[in-house]
Amino acid sequence: MTTQTPPKPVQHPKPYGPVAPPPPAQRPAATVARRGHYLAAGDGAESQLLELERDVTHIGRAPDADIQLDDHRVSRDHAALVRHGRHVRLLDNRSANGTFVNGRQIATANLQDGDEIRIGPVSLQYRVYD
């Protein structure tokens with residue numbers, strides 16, 4: 001009788017820095033979001049919720065960005081999310097490749113629940129949980 005060695009776990013690259021979902025073996029069971037404003041990265045069961053806790057959240061390629069997107073098509077300081085009470089506004093920071101909301105390039109936009117944000121190749125969805 002021969003014993004088989006279990007296969008080694010697959011190493012998953014992190015294509016977009018911290019917004020990439022964790023590998024399946026490390027993914028926690030379904031979580032329920034508490035009230036607040038979020039960006040959802042990924043799609044369906046693979047999505048990861050990033051809570052917008054600060055009044056200003058910087059998005060970009062820079063190591064000190066609040067949400068770091070590691071792709072050459074993303075500017076170092078690409079965009080910012082600014083909270084005003086219950087409302088959130090997305091501001092493009094004169095990025096080289098633009099910021100898009102629901103397929104339209106914006107300089108600034110007030111976000112609504114379900115809006116799709118595209119920065120470089122990364123799609124994020126703005127979510128509000130009341």
Among the numbered conditions (1) touching a strand residue (DSSP E or B) at 6+ places or on another chain (Cβ under 8 Å); (2) over 26 Å from Y129 (Cβ atoms), tell me where N102 comes up short. (2)
For L81, all conditions in the list (1) modelled with pLDDT of 95 or more; (2) of a type outside the set (G, A, S); (3) open to solvent by 60 Å² or more (accessible area, probe 1.4 Å) hold save one; what is the number of the exception? (3)
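Is it true that A62 is at pLDDT 95 or above, open to solvent by less than 100 Å² (accessible area, probe 1.4 Å), in a loop (DSSP other than H, G, I, E, B) and small (G, A, S)? Give the steps one after another, and end with the answer.
On the way: at pLDDT 95 or above: yes; open to solvent by less than 100 Å² (accessible area, probe 1.4 Å): yes; in a loop (DSSP other than H, G, I, E, B): yes; small (G, A, S): yes.
Here the answer is yes, as A62 does meet what is asked.
Could you list all residues from segment 33-59 that are outside any strand (DSSP E or B) and aliphatic (A, V, I, L, M)?
Correct list: A33, A45, L52.
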R104: open to solvent by 70 Å² or more (accessible area, probe 1.4 Å), at pLDDT 95 or above and touching a Phe, Trp or Tyr at 6+ places or on another chain (Cβ under 7 Å), yes or no? no
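The values are calculated or read from the model by the stated rules, or taken from the named source; none is laboratory data. All of these numbers come straight from a predicted model, not from anything done at the bench. For neighbour counting, all protein chains shown are included, and Cβ atoms are generated from backbone atoms with ideal geometry for every residue, glycine included. Note: areas computed on protein heavy atoms with side chains; ligands, DNA, RNA excluded. Shrake-Rupley method; radii C 1.70, N 1.55, O 1.52, S 1.80 Å.
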